[in-house]
Amino acid sequence: MINEPLHHPGDSDFVVVSNRLPVDRVSTEEGDGGWRRSPGGLVTALAPVMATQDGAWVGWHGAPDEELAPFHHENIDLVPVPLSAEEVELYYEGFSNSTLWPLYHDVIAPPEFHRTWWDAYRRVNKRFAQAAANTAAQNATVWVQDYQLQLVPRYLRQLRPDLRIGFFNHIPFPPQEIFAQLPWRQSIIEGLLEADLIGFQRASDTANFLRSARRFVGAGVKSAQIQVKDNEGNVVHIARAAPFPISIDVGQIQELAGRKDVIARSRQIREELGNPKTVLLGVDRLDYTKGITHRLKAYGELLHDCELTVEDAALIQVASPSRERVETYIQLREDVEGMVGRINGQYDTMQNTAVRYLHHSYPVEEMVALYLAADVMLVTALRDGMNLVAKEYVAARGDNTGALVLSEFAGAADQLKSAILVNPHDIDGLKSGILRAVNLSPAEAGRRMRAMRRQIVNNDVQRWSSEFLAALQKEATPV
């Protein structure tokens with residue numbers, strides 16, 4: 001679809017600001033640049049709100065050193081924010097993903113602190129805020145998304161004090177002892193506190209943020225409300241912080257799980273593996289936070305101990321490419337592929353493969369077929385804001401079969417309490433959890449899956465967005 005010009009800039013009653021626009025560029029037969037909606041729960045959750053409220057979305061369109069005019073696509077006004085190649089390197093790959101990402105994920109990898117990265121982060125956040133200020137109507141609602149844009153609420157408040165501003169952090173927020181390492185910790189907290197409502201995945205993330213607000217900017221905190229004071233000690237703004245655990249488009253997953261072609265593909269997957277008794281599945285971005293090496297180590301030891309055999313069990317590991325220019329990720333890929341090679345070299349037979357490793361991204365139809373094919377889903381994240389794969393697996397299991405092994409360090413563990421919860425750092429405990437899942441009785445598996453499915457069906461991504469936006473419209477009450 002060719003982009004249509006945007007007709008009414010500055011008239012949007014509801015504006016979403018995120019690092020990326022919710023569209024991907026596609027090539028057409030004519031060679032003209034077209035666009036298609038990106039997959040993902042955030043777009044699904046907000047598209048209906050956009051359509052009914054003159055909505056606009058502010059974000060980078062994905063190509064460096066290119067400026068595009070605002071345009072319209074599928075009922076959403078899109079406002080591209082330009083980034084240079086240097087800014088992608090410094091603001092995105094640098095400060096966002098080599099400083100904040102490891103810091104917010106419990107320093108599983110060491111964060112790097114560079115002043116040039118911080119300068120780029122501030123500069124880009126100002127540009128996003130300016131674009132949002134130019135797009136929003138008087139008294140509009142602006143919802144800023146995620147850790148790449150934590151300074152936007154403050155810059156936006158300075159430009160447009162009339163706006164209602166929300167912020168949602170999709171990744172964990174670290175304990176204050178870890179957050180204290182950040183040289184620019186005060187500026188980050190001050191940036192977030194200019195929002196009216198700051199949302200987090202878990203109650204523990206919210207508590208971590210409130211403790212940091214109290215410690216690093218001296219904010220007054222009562223009942224999850226934060227009093228922002230001027231230099232004279234007068235309260236000039238009240239921000240609120242609360243958990244709003246994100247979810248998935250349950251209807252889409254259920255619809256795909258019931259489609260004949262998807263069901264047929266799931267059977268084909270099992271046949272291609274030699275119809276083993278048990279198919280185990282891991283689906284992750286190739287990221288050091290996901291615990292992929294811990295999972296492979298546990299699985300390899302189960303094969304070594306003869307608790308599992310390649311004749312009876314097969315592990316499919318989907319590891320979609322991620323940040324392939326960052327050194328930490330290059331090393332992780334080598335480590336994972338080395339482990340897969342060693343396990344397969346030791347345990348494969350002519351007929352059976354121990355680990356089917358797939359370093360690809362797949363469309364959602366193929367993912368649901370994999371969920372249907374898998375008897376056991378392994379989610380062993382060392383730290384995860386939520387982990388929507390766990391929720392998608394549960395949503396796909398309409399017959400209440402299957403088992404979910406879930407890290408207690410994933411946000412989803414707060415909702416999916418009937419999963420088999422594990423500490424992925426405890427390899428023996430992880431092995432026990434996997435074996436327990438493999439050997440669950442049909443009755444216990446059904447009981448657990450029914451409980452998890454109730455939670456997912458009652459709390460889909462549309463409910464997440466509607467509850468956050470409803471809370472954002474409420475006025476803070478001084479306490």
Per residue, how much accessible surface does the chain expose to a 1.4 Å probe? Answer in Å², no decimals. 41 Å²
How much space per residue, in cubic angstrom, does the convex hull of the C-alpha atoms of the stretch 264-323 take up? 80 Å³
For the stretch 206-219, Karplus-derived ³J(HN,Hα) couplings (6.51, -1.76, 1.60; θ = phi - 60°; whole Hz; x for glycine and proline) come out as 4, 5, 4, 5, 4, 5, 5, 4, 5, 7, 9, 10, x, 5
Please work out how much length the chain gains when fully extended from residue 93 to residue 36, using 0.36 nm per residue of separation minus the C-alpha to C-alpha distance, in nm with one decimal. 18.0 nm
Which of the GluC sites (Glu not before Pro) found in the stretch 234-331 are loop residues per DSSP with 10 or fewer other Cβ atoms within 10 Å of their Cβ? 324
Relative contact order for the chain: what is it in percent, counting Cα pairs under 8 Å that are at least 6 residues apart? 13 percent
Once both axes come from the Cα atoms, what is the angle between helix 115-135 and the longest principal axis of the chain, in degrees from 0 to 90, rounded to 10? 70 degrees
Debye log10 I(q)/I(0) at q = 0.12, 0.18, 0.19 Å⁻¹ for the stretch 272-361, Cα point scatterers: -0.35, -0.75, -0.83
Helix 41-52 axis, angle to the chain major axis (alpha carbon atoms, nearest 10°): 40 degrees
Give me the percent relative contact order of the stretch 349-479, please, defined on Cα pairs under 8 angstrom at least 6 residues apart. 22 percent
Convert 10 °C to kelvin, take the viscosity as 1.306 mPa s, use the Kirkwood radius over C-alpha pairs of the chain as Rh, and evaluate the Stokes-Einstein diffusion coefficient in µm²/s, rounded to a whole number. 67 µm²/s
Among GluC sites (Glu not before Pro) in the stretch 52-87, those in a DSSP loop whose Cβ has at most 13 other Cβ atoms within 10 Å are 66, 67
Please give the net charge around residue 211, taking every other residue with its beta carbon less than 15 angstrom from that of residue 211, where Lys and Arg add +1 and Asp and Glu add -1. +3
Counting other Cβ atoms within 10 Å, which trypsin sites (Lys or Arg not before Pro) in the stretch 387-479 have at most 14 and lie in a DSSP loop? 417, 474
In terms of modelled amide H atoms, which long-range or inter-chain residues lie less than 5 Å from the amide H of residue 143? 15, 16, 17, 166
Modelling each spin label as a point 7 Å along the Cα-to-Cβ direction, I'd like the residue 52/residue 68 distance in nm, to one decimal. 2.8 nm
Taking every alpha carbon pair in the stretch 23-111 and sorting the distances into 5 angstrom bins from 0 up to the bin holding the longest one, the percent per bin comes out as 3, 12, 16, 17, 17, 17, 11, 5, 2, 0
Amide H neighbours of residue 317 under 5 Å, counting only residues 5+ apart in sequence or on other chains, H built in-plane at 1.01 Å? 282, 356, 357, 358
Calculate what fraction, in whole %, of the accessible area of the chain sits on carbon and sulfur atoms when a 1.4 Å probe is rolled over the protein chains. 47 percent
For a Förster distance of 56 Å, can you work out the FRET efficiency between the beta-carbons of residue 417 and residue 85, rounded to the nearest 0.05? 0.75
How large is ³J(HN,Hα) for each residue in the stretch 375-384, as worked out from phi by the Karplus curve 6.51 cos²θ - 1.76 cosθ + 1.60 (θ = phi - 60°), to whole Hz, x for Gly and Pro? 7, 9, 9, 10, 10, 10, 4, 6, 6, 8
In nm, what is the difference between 0.36 nm times the number of residues separating residue 242 and residue 263 and their Cα-Cα distance? 3.6 nm
Counting helices only, and only those DSSP H runs with n ≥ 4, report the 222 nm mean residue ellipticity of the chain as the sum of -39,500 (n - 2.57) divided by its residues, in deg cm²/dmol to the nearest 500. -12000 deg cm²/dmol
Relative contact order computed over the stretch 415-470 (Cα-Cα under 8 Å; 6+ residues apart), in percent: 42 percent
Dipole of the chain, Cα-centred, from +1 at each Lys and Arg C-beta and -1 at each Asp and Glu C-beta, to the nearest 20 debye? 1520 debye
Set the Förster radius R0 to 56 Å, insert the Cβ-Cβ distance between residue 215 and residue 350 as r into 1/(1 + (r/R0)^6), and round the FRET efficiency to 0.05. 0.35
How big is D, in µm² s⁻¹, for the stretch 340-456 by Stokes-Einstein at 10 °C and 1.306 mPa s if Rh is the Kirkwood radius over C-alpha pairs? 105 µm²/s
So who's got an amide H within less than 5 Å of the one on residue 38, skipping anything under 5 residues away but keeping other chains? H placed 1.01 Å off N, in plane. 23, 24
Once phi for every residue in the stretch 146-151 is put through the Karplus expression 6.51 cos²θ - 1.76 cosθ + 1.60 (θ = phi - 60°), the whole-Hz ³J(HN,Hα) values, with Gly and Pro written as x, are 6, 5, 5, 10, 6, 8
On a 0 to 90 degree scale, rounded to 10, what angle separates helix 364-373 from the longest Cα axis of the chain? 40 degrees
Please give the FRET efficiency for residue 275 paired with residue 335, using the beta carbon to beta carbon distance and R0 = 45 Å, rounded to the nearest 0.05. 0.90
So, counting K/R as plus one and D/E as minus one, what does the shell of residues with Cβ under 12 Å around residue 446 add up to? +3
Local net charge near residue 24, Cβ-Cβ under 11 Å (Lys/Arg +1, Asp/Glu -1): +4
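The values are calculated or read from the model by the stated rules, or taken from the named source; none is laboratory data. This structure is a prediction, so every number in the text was calculated from the model and none was measured. Every residue, glycine as well, gets a Cβ built from its backbone with ideal geometry; the counts of neighbours run over all protein chains shown. Quick note on the areas: whole protein, heavy atoms, side chains included, nothing else; ligands and nucleic acids left out. Shrake-Rupley method; radii C 1.70, N 1.55, O 1.52, S 1.80 Å.
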